[in-house]
Structures are given as C-alpha cells and as structure tokens.
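Beneath this line is the structure, given in structure tokens, with notes to follow.
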C-alpha cells in the first residue's frame, strides 16, 4: 500500500471516529438510515399498500389519530392482475376488494346483513351475497394518525411520501454537485475570462430568489415528479460552485500542482486527479446541507401547487390538502407531515454539522 493511500485511509478512519463521537450527527444518521429503509419498503410497511396510498373511504374522512373501524371486504367486479414482488416494491398493489365500513353484521342464509357506517349516528342496512365475499371478510383497521378529507390513511401516505423527499434531495444534490463542481473548478483553476464569465453567471443566478427561479423553470418544464427534481437542482448549484472555486484557487498555487504543470500533465487531469480529491470534504458537507434545503423547497413548491401532483403523496402536498383542519377539530392532519419534514431536515443538518467537524474542513485544503 502506498504512503498516499495509507494516509487517505487513516484520514477516513479518523474522520469516522470523530463522527461517531458526535451524538447529534449519529442521531441524524440513524434517522436518515431509517427513512431510507422506510422509503424502499414503503408499500410493505404501510397499512394502505395501494399505489400512492390512495385508498379512499369517504365515510371515514377527517378522523382523529387512533381511529379504529371494522370493514367488510367485497370482491371487485373486475379481475385484479397479479403483482410481483418488484412491482409491488416500486408501485404498490391494487386492492382486490372494496372496503365498506360497518357498525355491525349478521349472517342469514346465503346473505350477510350489514349496518353500513355512513357518518356518526347514521347507518344504512345492506344485504350482500356471501359469494361476493372472501373467506375472512371482516377486518379491523386502526388509523394511528387519522384519515384525511378523502378518507385516506395519513400514516400510510407519510410513509410512501418519504420517497419523494429523499428522491428530490438525492437528485437535486447530484445535479447541483455536477454543475457546481465543474463550473467552480474551471473558474478557480483557469481564472481570467473564464472566471469572470462563470462568476457573472453565478451572481445573476444568486440574485434571483430561489422560489421565483424554480417557478420559471417549472413553467418551462411543466409540473410533475421529475420536473420538480430538475428545477430544484438547477437552482442549488451556485453555492457549490462558489465553494469549489474558492478551494481550487487556494490549491492551484500549491507546489505539487505547480510540479504537475511543469511535468506537462494536462489541466483536466490535474483538476480531476489532484485537485478535486482534496476538496471532497467541503463537497460532502455542502451536499448534506443542500439535501436538507431541497426537501424544504420541494415541500414549499408542493404546498403552492407547482410541485408533485396528486394523488402522489408529498409531505408538502399533504399540508396543502389539510392545513384548514389546523383551526378545526383535527390539526394532526397538517401537523403530521410538517413534523415529518422538520425531523428529516433536522437529521440532515445534524449530519452536515457533524461531517464538518469530523472532516475538519477549515483546517485542511
């Protein structure tokens, strides 16, 4: 093992050791890890495993946390195709049955007589042939965080919605790092006209409010799942470019860089092989910060109606759909997604602060 590789290995070991001592950073890392697992297996964890957790039971709309109800399962008239493991993992599984909320039921020959729940104190008597029912046709469900105005399970939509927050953060970070690192490296290394042009572009983008810029990009790309990722990513590269530019300006005067130039090594190779590995620490820290910012921006855009579109669950969209309940009888409908956003953003901020200290960014070039 070469000396350089050994030093790099030792530095990463020391950084990990310092990070483990930071309780806040480790708490953030645990929350992020749990969120990732939850996002991957969302449709296996959620009580409502239908696509987008969009099982609507209007009779039980806007119920408070802990609401419990019995349902009778009635076979749908159309045949539901089989859903394999990977398709269910990605998109969920369509219900084979219709769930009807009931107050009571009784058997009479080949009929099941139910008292269908319509509203508190209101019910309707319905006869259902037993042939339309599966073997275990009575189920009881508990809605731990209540239901929204469409009768959908809030907890299930929170669980599935974590995918949007993590995905927008990941794609935004990838886009912003790619653009920011390239432009920042070119500006810092070459200087002169290249630096002036890139800095002019950075200052122009920096002067436009983020939401206003995202609105403009969204109008061009349209509303939707992938469009919002690209729009947010294209607005967050500026801070990365400024940071990388400053780091590269400091590094380009180092002796080993001057030696590489004297040996005739190409500029691009010097940037990629000798400069960028030495600015990895600051890049990791700003990536964690941008991840948290992207989650907030996406939630804000979805709240304003230009982000993820219904019925796809997004925490910001859930707040928009239920914020009027804050001043009525069931504030948890809007508070639950708000608290989820706060916890996930706090986790990334805690991890970012821990990485900054562990990598000792200010003390190393």
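The values are calculated or read from the model by the stated rules, or taken from the named source; none is laboratory data. What you are looking at is a predicted structure, and each value in this text was computed from that prediction instead of being measured. Glycine also receives a Cβ, built like all others from the backbone with ideal geometry; neighbour counts cover every protein chain displayed.
Across the stretch 91-111, what is the total count of residues that are under 19 Å from residue 153 (Cα atoms) and either in contact with a strand residue (DSSP E or B) (Cβ under 8 Å, 6 or more places away or on another chain) or part of a helix (DSSP H, G or I) (or both)?
Taking the stretch 91-111 as the starting set, the residues that turn out to be under 19 Å from residue 153 (Cα atoms) are 91-102.
Of the ones still in play, those that are also either in contact with a strand residue (DSSP E or B) (Cβ under 8 Å, 6 or more places away or on another chain) or part of a helix (DSSP H, G or I) (or both) are 91, 96-102.
The total comes to 8.
If you go through the stretch 27-34 one residue at a time, do you hit one that is over 29 Å from residue 339 (Cα atoms) and either surrounded by 13 or more Cβ atoms within 10 Å (Cβ to Cβ) or at pLDDT 95 or above (or both)?
Scanning the stretch 27-34, I find no residue that is over 29 Å from residue 339 (Cα atoms) and either surrounded by 13 or more Cβ atoms within 10 Å (Cβ to Cβ) or at pLDDT 95 or above (or both), so the answer is no.
Taking the criterion of being without any contact (Cβ under 8 Å) to a residue 60 or more places away in the chain, under 30 Å from residue 283 (Cβ atoms) and touching a helix residue (DSSP H, G or I) at 6+ places or on another chain (Cβ under 9 Å), would at least one residue in the stretch 152-165 satisfy it? Working first, answer last.
Of the stretch 152-165, the ones without any contact (Cβ under 8 Å) to a residue 60 or more places away in the chain are none.
No, that holds for no residue.
For residue 65, state whether it is at pLDDT below 90 and either loosely packed, with under 13 Cβ neighbours inside 10 Å or assigned to a loop (DSSP other than H, G, I, E, B) (or both).
Values: at pLDDT below 90: no; either loosely packed, with under 13 Cβ neighbours inside 10 Å or assigned to a loop (DSSP other than H, G, I, E, B) (or both): yes.
No: the conditions fail for residue 65.
Among the candidates 93, 132, single out the residue that is at negative phi and modelled with pLDDT under 90.
Sole residue among the options that is at negative phi and modelled with pLDDT under 90: 132.
Criterion first (assigned to a strand (DSSP E or B) and either touching a residue at least 12 places away in the same chain (Cβ under 8 Å) or at positive phi (or both)) does residue 114 satisfy it?
yes
Go through the stretch 40-58 residue by residue and tally those that are over 22 Å from residue 308 (Cβ atoms) and surrounded by 17 or more Cβ atoms within 10 Å (Cβ to Cβ).
Final tally of qualifying residues: 1.
Of the residues 353, 349, 290, which single one is assigned by TED's automatic domain parsing to the domain that holds residue 178 and buried (at least 24 other Cβ atoms within 10 Å of the Cβ)?
290
Collect the residues in the stretch 320-346 that are modelled with pLDDT of 85 or more and not in a helix (DSSP H, G or I), keeping them in residue-number order.
Within the stretch 320-346, just 331 meets the criteria.
Kindly provide the set of residues from the stretch 135-163 that are at pLDDT below 90 and crowded, with 20+ Cβ neighbours inside 10 Å, ordered by number.
Residues satisfying the conditions do not exist here.
Within the stretch 164-192, work out how many residues are crowded, with 21+ Cβ neighbours inside 10 Å and under 30 Å from residue 146 (Cβ atoms).
Result for the stretch 164-192: 4.
Rundown of residues vs (1) touching a helix residue (DSSP H, G or I) at 6+ places or on another chain (Cβ under 8 Å); (2) more than 30 Å from residue 342 (Cα to Cα); (3) assigned by TED's automatic domain parsing to the domain that holds residue 174; (4) surrounded by 18 or more Cβ atoms within 10 Å (Cβ to Cβ), yes/no style:
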position: 201; (1), (2), (3), (4): yes, yes, yes, no
position: 229; (1), (2), (3), (4): yes, no, yes, yes
position: 233; (1), (2), (3), (4): yes, no, yes, yes
position: 251; (1), (2), (3), (4): yes, yes, yes, yes
position: 255; (1), (2), (3), (4): no, yes, yes, no
position: 266; (1), (2), (3), (4): no, yes, yes, no
position: 273; (1), (2), (3), (4): no, yes, yes, no
position: 285; (1), (2), (3), (4): yes, no, yes, yes
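Is it the case, given these coordinates, that residue 128 is touching a residue at least 40 places away in the same chain (Cβ under 8 Å), out of contact with any helix residue (DSSP H, G or I) (no Cβ under 9 Å at 6 or more places or on another chain) and surrounded by 15 or more Cβ atoms within 10 Å (Cβ to Cβ)?
yes
Do we have residue 212 as in a helix (DSSP H, G or I) and modelled with pLDDT of 90 or more here?
For residue 212, the condition - in a helix (DSSP H, G or I) and modelled with pLDDT of 90 or more - is not met.
Just checking: which of the helices (runs of 4 or more DSSP H) contained wholly in the stretch 234-282 hold 3 or more residues that are closer than 24 Å to residue 170 by Cα?
Here the list reads 237-251.
Within the stretch 297-331, can you find the residues that are crowded, with 18+ Cβ neighbours inside 10 Å and either under 12 Å from the mean Cα position of the chain (by Cα) or at positive phi (or both)?
If the condition is that a residue be crowded, with 18+ Cβ neighbours inside 10 Å and either under 12 Å from the mean Cα position of the chain (by Cα) or at positive phi (or both), then 297, 298, 299, 308, 313, 314, 315, 316 are the ones that fit.
Step by step: first the residues of the stretch 97-110, then only those that are at negative phi and surrounded by fewer than 13 Cβ atoms within 10 Å (Cβ to Cβ), then the one that is nearest to the chain's Cα centre (by Cα). Which residue is that? Give the derivation first.
Narrowing the stretch 97-110 to residues at negative phi: 97-108, 110.
With surrounded by fewer than 13 Cβ atoms within 10 Å (Cβ to Cβ) added as a condition, the list becomes 104, 106-108, 110.
Details: 104: 41, 106: 46, 107: 47, 108: 50, 110: 49 Å.
For the stretch 97-110, the residue satisfying everything is 104.
Could you figure out which of (1) more than 29 Å from residue 30 (Cα to Cα); (2) within 28 Å of the chain's Cα centre (by Cα); (3) modelled with pLDDT of 90 or more isn't true of residue 290?
For residue 290, the exception is condition (1).
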